[in-house]
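Asks: Sharing a structure below in structure tokens format, with a few things to ask.
Read the figures in this text as sums done on the coordinates, not as results from a lab. Not measured: the values here are computed from a predicted model. Here Cβ is always computed from backbone atoms with ideal geometry, including for glycine, and neighbour counts include all displayed protein chains.
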Amino acid sequence: MKTTAVSLSGVLLSIALAVSGCKGGATNGPGPQTGPSASNKGPDRSRCDTKGKRVVKLDLNRDKQPDVWNIYDNKIDRSGTKVDIMACKAVDLNFDGRTDLWKYYDDSGSISREEMDLDFDGRIDLTTYRRGGKIERQELDTNYDGRPDIFKYYEDAKLVRIERDSAHDGKIDYWEYYEGGQLDRIGYDNDGDGRVDHWDRASQTAAAAPQPAETKPTPEGEDATKPAEGGDAKGANKSDDNKGGGAKAE
Ligand SMILES: [Ca+2]
Ligand SMILES: [Ca+2]
Ligand SMILES: [Ca+2]
Ligand SMILES: [Ca+2]
């Protein structure tokens, strides 16, 4: 039963695609391409569909080809008047005729999702999810293999966690946890089982944090008394040179 249901829905899908393909000849021409190739889970892609919507096109580089499509939905507000609400913004960032940035808006007019093709190969590499305009999650594909490998999670628009698939094998092997906007701890999965094997805590790493002023302690009093100012410390050298140079000149 299950297999027939699947194949039936497959047939229906292919019919639907064929029909939309016949009708949607215009989508291959001018206009934002809805549904980039990597898309399979986009819940609100229809928002970028231009059909039956008001579309305002802009030509930013003045080559007579549109690069920005502002797509508006018609809504009727409480007083019964027709209003245009932004549904989608599609942008061709590098002016090659292909859309590289999509912004999807919710019914209240705030951005719910942004998709970006960073290397202009037609596949989305950066997706930002928002709720009520506030950032919730970000997915980034750093090696452009079509699979996100960095995931950033936000609470109340504040970064709380970064997960990374640094081996690009589909498994998270690196975690950063943030407390109050500050990095608190980092977890590493060394054996590839998806679990943290080793933690680095902020309290431990704080001592080794790159703070140039503290990493090279140069006790001024000692330097002044000791003749060893042969220029081993680059930063501390300047003031010593000034002192030493002045003394020697006299
Ligand atoms: Ca243009
Ligand atoms: Ca483009
Ligand atoms: Ca891409
Ligand atoms: Ca990837």
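Asks: Structure shown: which of 51/134; 89/152; 89/171 lie over 27 Å apart, alpha-carbon to alpha-carbon?
Replies: 51/134; 89/171
Asks: Now a separate question. Could you tell me the distance between the Cα centroids of region 144-201 and region 105-136, to the nearest Å?
Replies: For region 144-201 versus region 105-136, the Cα centre distance is 21 Å.
Asks: What list of ³J(HN,Hα) values in whole Hz, one per residue of region 160-169 in order, does the Karplus curve 6.51 cos²θ - 1.76 cosθ + 1.60 (θ = phi - 60°) give from phi, with Gly and Pro shown as x?
Replies: Result, rounded to whole Hz: 10, 7, 10, 10, 9, 9, 6, 8, 6, 10.
Asks: With +1 assigned to the C-beta of every Lys and Arg and -1 to the C-beta of every Asp and Glu, and no other charges, what is the dipole magnitude of region 44-227 about the Cα centre in debye, to the nearest 20?
Replies: Charge dipole of region 44-227: 1280 debye, to the nearest 20.
Asks: Moving on. Arrange the following residues from fewest to most other Cβ atoms within 10 Å of their Cβ: 102, 199, 175, 69.
Replies: Going from sparsest to densest Cβ surroundings: 199, 175, 69, 102.
Asks: Whose amide H sits under 5 Å from the amide H of residue 113, counting only residues 5 or more places off or on another chain, with H placed in the peptide plane?
Replies: Counting only residues 5 or more places away or on other chains, the set is 104, 130.
Asks: Using a 10 Å cut-off around each Cβ, can you sort 198, 168 from fewest to most neighbouring Cβ atoms?
Replies: The order, fewest Cβ neighbours first, is 198, 168.
Asks: Taking neighbour Cβ counts within 10 Å as the exposure measure, how do 99, 127 sort from fewest upward?
Replies: 127, 99
Asks: Sticking with this structure for a sec: Scan around residue 161 for amide H atoms under 5 Å from its own, H built in the peptide plane at 1.01 Å from N, and keep only partners 5 or more places away or cross-chain.
Replies: 153, 178
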